[in-house]
Structure formats: structure tokens, C-alpha cells
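Taken together, the values in this text are just the output of simple stated rules run on the coordinates, not laboratory data. Keep in mind that this is a model prediction, so the values were computed, not measured.
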Amino acid sequence: MNTDLAGLGHLFVVFFLFHFSSSMVIPAIIDVTMEAVCPGRDECSVAIYLSGFQNAVTGLGAVVVTPIVGNLSDRYGRKALMTLPVTVAILPLFVLACNRSEVYFYVFYVATIVAGIFCQGTMHSLCFAYVSSVRTQADHVRPRRRAAAFALLSGVSAAGFVSGTLTARFLAASSTFQVAAAVATATALYLRVFLPDSGGVSCTDGDQACDPLLQASSSSTSSSASSSDEELSPRLPPHKAGLPSLSDMFTFLTGSLAMSGAATITFFCSLGEHGLETALLYYLKAQFGYSKDEFADLLLIVGAAGMLSQLTVMPILAPILGEEILLIVGLLGGCTQVFLYGIAWSYWVPYLSAAFVILSAFVNPSIRTNVSKNVASNEQGIAQGCISGISSFGSILGPLIFTPLTAWALSETGPFNIKGFSILCAGICTVIAFIISLRMRGAQCSACKKSIVQQEQA
């Protein structure tokens, strides 16, 4: 492994176990929910609305919590704050590990909302910040290697997802929750014992975000070139001792073309993604009669494709193409994936659609890399937290918009027989993100060409 990435092994183990335990229960959740809310039925609007309400409340809480936790990690270290989501995630799994009756289901439902507020986005943003600021043999992961590092981290997440889903395929529903709770507990213990703390983070000479060329013009740089650089890279406000205010977060997200573009793309991607998540499993159950095993098979393909992409394909392509091109390719693959789900004409089409995750898996690491390169090491936590907060905001609107659309499209009283209508609408959000990424790339190329011409003239 490249020395830039040395020292991240324990983080990879924690991230793997965290996703292993959480993804293990996903294939069983739909059946457990339907049994508790609408026993003996394949279609249930109440279950869809419960799921949508859960996602909306979780997203609302995460919008507030994630940037605050990220800011606190800049001050007190990543490990201390990682303990929070890893520990809270144990609670809902433990509830259904005890019993799966209706009463326990609703206790699980409330516990899942509380856990989601502290886990949704928080764990990812803290791990990405850890990668950007951890002290390793090369001092920290250098900006030129962050795309590969973020891809590997996302690939480890996908590996945990695949392993958890595959394990669920061979476990009874009751055993699934017991094993998941045990793994979640082991994750928390492993983090506290083995994961080294990133400690206090500070700007170093190797940090590209601290380079004067990225934040202000040097004495040898022309004012016109400096202007172009500042347009592409943010100048963040001084790091404050207190918690970040809304104005601080707004400044982070609007301080440059790169940050504002990343925030906008993240929002529309999240809106489309959570719209798809809200509708997909209920749509497949109503349209093709999918059950726990079919869900597990589909999720296994999704996870395997994502793992292959992020562990092998993206680390190879990132140094060659750059994160901007990979982002465009990933969004194009995401558009294809969602629209294939929406127009699926046979039970095997969703499996084909899931294979496009090989491309769509580029999106999140590319956005995170772009953000990481545009902020200093001692501000990675709040910057990544703000992006996760934007993603959580999309997760609020997604269920609010797509839950009634899904219930309406799947109902017998709908005006037309297009059960995938809500999924097609989610695809439109991904198309918007794709268009914005093209405009961002065009603007960046124009600014770079203008800067080169002005420097040559000078």
C-alpha cells in the first residue's frame, strides 16, 4: 500500500464492521415491517408512509447534528466523536434481537429514528475527515492521493454491505438481528481499543488547501491569476472555538464555485437517491413479488458492483481522469440505473440496472475529494459535515415528496398503470445533478484557460 495510505487499516476495519452490521438487517426490514403493520399483505400504504416519516425525521435531525459533530471532531479528535454513531447504532438492532412482535417493532422504529439522526452521514463525514487529517508515515494522506483513499474507504463500506447482505441470505430473520447486534457491539469495542486518534489537526506544508496558491495570491503571482484561483477555491472564515452557526455553514458552502457546486450536486443526488430508496423495495414487491431473498440478491449485486468499482476501478482511473470527470461519468451511470428501475418490464431488469452501480459509485468519493482539496486539514470535519448535512437535507425532502408519489403509483386507484412513476421522478433529480456537473466542468475549464492566457500576456 502507498505510504500515504499507511495507518488507515484500523479505520477500514471499523468502517467495514459498521456497514456489515447495519446492512445485514436491510433485506429483512421490509418483511418485518409488513408483518407488524399489515400482516398477510403484499401492498401497504401505511408501511410506506411509516418508512417515509422515519427517513424525513432522521434527515431533519442529521442536518443539524452532522455539521456540529464534524466541528467538534476538529477540536477533540475524530476517534472521540466516531464513538457516538458506532455506539448509538447498537440500540435498534438490540431491540429486534430480543423480539420481533408488534410492540418491539415500534420500539425499534423509534430507536432507529434516534440512531439515524446520529449515524446518517455522521460516520461517513468523520471517516473522510479522518483520512484527510490522520497522522501517518507520510504525515497525512496527500491531496493527490485522496481520491484513491476515499475510493478505498467507500469500497470498504461496499464490502461491508456485500458481506452483511450475503450473511443475511443464509440467516433466519430472528438470528439476523442477533448477529447484527453482536457485530455492532464488537465494532464499538474495536474502535475504542485499536483505532489511533487523529489528534489535533493543523495546517501542514503538504496540505494543498493551505497552499497560498489556493487561498491568496503570492508575491510572484499576477492579480488576474489570483482572482481565478480564488473563484475555484474557498476562503473559509477563521476557525472558531464555538459551535458553527448557520452563517458559518452557509459561508463554507458558498465560498467558491467548487464548494457551492459540490453542495448543489450533493443535494440533488441525495434527493434522487432517497426518492429511489423510498420507492424501490415496495415497488419491486408490488410489481414482481420480491421477498427477502430477492431483496438480498439485488442488494448483493449493488454492493458487489460498488465494491469492485471503488476498490479497483476508481483508484486506477482517479489519477488519470481526475475526480471531475469521474463525477460526470458516475452521474451518467446513476441516471441510467434509476431509469432502468423505473421502466423495468421483467423481474430480471432490476438486476441489470443494479450493475450500473459500477459507474454511479464514483459520485460520492469524487464529491468528497473535491471538498477535501478545497479546505485546510483543521477544517475537514466541519466541511465534510456540511456536505453530509446537505445530503441529509435531501433525505428529508426525498421521503416527503416520493412517499405519497409511491403510495399513489402503487395503489389500485391510480390514474395510470405506471408503478415505477415515482422512481422515474427520482431519476429527474439525478439528471439535474448531471447537468450541473457538466456546467461546473465547463466553468472550471474556462477559468483555467483564462488564467493561462492572462499569465502568458503578463
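Taking θ as phi - 60° and the Karplus parameters 6.51, -1.76 and 1.60, the scalar couplings of the stretch 346-353 work out to 8, 5, 8, 5, x, 5, 5, 4 Hz in sequence order, x denoting glycine and proline. With bins 10 Å wide beginning at 0, the percent of Cα pairs of the stretch 274-322 falling in each bin runs 23, 36, 23, 16, 2.
Backbone geometry of the stretch 311-321 corresponds, through the Karplus equation with coefficients 6.51, -1.76 and 1.60 at θ = phi - 60°, to 3J(HN,Hα) couplings of 8, 10, 5, 5, x, 7, 7, 4, x, 8, 8 Hz, x marking Gly and Pro.
Counting only the Cα atoms, the stretch 1-111 fills a convex hull of 132 Å³ per residue.
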